[in-house]
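Contents: one structure, followed by commentary.
Quick note: the coordinates plus some simple rules give every number you see, no bench work behind them. Everything numeric here is computed off the predicted structure, so don't read it as measured data.
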Amino acid sequence: MKESFQAVHAAEIEDFFASIGLLADLKRGCLKCQTCGATITPDNFTLMTRRNGRLLFLCAEKPCFLSLFKTGAET
Ligand SMILES: [Zn+2]
């Protein structure tokens, strides 16, 4: 199965980060993947979620993306 989520345009991702006030952090490389620590960029950003009041980001690496569904009850 092809990974259709990668069809999102980088410009849309930038708009999204701008809307939550984090575009500058994205462009500075301040946002890290919650799972592997990779720098989040418009190219590899896959998903953002909120847990315990903190924003968490996940890159496009499959283990990182899948980790979201495995660790729901953990802190
Ligand atoms: Zn990652």
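Some points to look at:
- Amide H contacts under 5 Å for F45: none, restricted to partners 5 or more places along the chain or on a different chain, H placed in the peptide plane at 1.01 Å from N.
- Sequence-distant residues sharing a close amide H with L56 (under 5 Å, placed H): T49, R50, R51
- The relative contact order of region 4-70, computed from alpha carbon pairs under 8 Å that lie at least 6 residues apart in sequence, is 24 percent.
- Residue-wise HN-Hα couplings along region 54-70, as the Karplus relation 6.51 cos²θ - 1.76 cosθ + 1.60 with θ = phi - 60° gives them from phi, are 9, 8, 10, 10, 10, 7, 7, 5, 4, x, 5, 4, 6, 4, 4, 8, 9 Hz; Gly and Pro carry x.
- Amide H contacts of K32 (H built 1.01 Å from N, under 5 Å, at least 5 apart or other chain): I40
- Over region 4-70, the hull volume per residue, using the convex hull of the C-alpha atoms, is 83 Å³.
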